[in-house]
1. Work out how much length GLU16 to ARG140 would gain on full extension: take 0.36 nm times their residue separation and subtract the Cα-Cα distance, in nm to one decimal.
2. HN-Hα J couplings of region 135-152 from phi, Karplus 6.51/-1.76/1.60, θ = phi - 60°, integer Hz, Gly and Pro as x?
3. Net charge within 11 Å of LYS78 by Cβ-Cβ distance, Lys/Arg positive one each and Asp/Glu negative one each, not counting LYS78 itself?
Amino acid sequence: MQTPSKEPESSSMTHEEEEEMLHDISKLQEQVQQMSPSQKLIEAKINGVESKINGVESNINGMESNIKGMEANMDDSKTDLKRDMADLKTDLTNFLQEILTNGEKVVKETQDVRKSNVNHDSIDSNVGSKTHHIPKIDMRKFDGKDPATWIL
């Protein structure tokens, strides 16, 4: 048996098909041309956003650097404050010891004066005075200035 031979189809198009195809190609070219400016605009916007992101990242890095510097300053200040507090504690301790030492002297002197006043009162009472009067001491009120002198 013989196989029927097929003749190749003609690659020629009709004029209408050709027109339709050219029209489709023309539309596709227009779409490509419209996409190209749109793509460029989108790419420009993306580049702008990337640039802004890089700027923000740079600012963040700068802030992190500033924070590290502030932390170092705070550590230095904390060390200085601890040293100053220790010095203040020492100074206050010395001051209180001085006040206590001077205060003990004043109390002893006051007690000595009272003993002598008591002795004078006893003598006066033996002489004939029946009233026993302890002299009133004029104490000034503390005005907030010079506590060591006021205590003494």
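Read-outs throughout are calculated quantities, based only on the coordinates presented, and are distinct from any laboratory measurement. Treat the numbers as computed from the prediction; the structure is a model and nothing was measured. For neighbour counting, all protein chains shown are included, and Cβ atoms are generated from backbone atoms with ideal geometry for every residue, glycine included.
1. Gain in length upon complete extension: 32.2 nm.
2. Coupling constants for region 135-152: x, 7, 9, 7, 9, 6, 6, 6, 9, x, 10, 6, x, 5, 5, 4, 5, 5 Hz.
3. Values: positive: LYS82, ARG83; negative: GLU71, ASP75, ASP76, ASP80, ASP84.
My count for the surroundings of LYS78 gives -3.
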